[in-house]
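Take a look at the structure below.
Just so it is clear, none of the values below were taken in a lab; they were calculated from the coordinates. Fair warning: this is a prediction, and the values are worked out from it, not measured in the lab. As a convention, Cβ positions derive from the backbone with ideal geometry for all residues, glycine included, and neighbour counts pool all protein chains shown.
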Amino acid sequence: MADIHSPQRRHANMAAIHVKDTKPEMVVRRLLWGHGFRYRLNYPRLSGNPDIVMRKYWTCIFVNGCF
């Protein structure tokens, strides 16, 4: 199936998609914060740059949202 958008329009569409603060990520963050968990966001020191890191529990969370 051929792409219905021009390369310039496709580039603009893809550039508008954000990596941080997506709706699924915000849902997980509110749930964790509401249950008393404290975390760091988009921790660059770890490989893969996880969305949420709870250092106290040695836990990384990657949120895969809809694309």
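What the table below lists for this structure:
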item: Cα Rg over Rh - the chain, Kirkwood; result: 1.14
item: Degrees between helix 23-34 axis and first principal axis of the chain (Cα, 0 to 90, nearest 10); result: 10
item: Unit charges on C-beta of K, R, D, E only; dipole of the range 1-59, Debye; result: 320
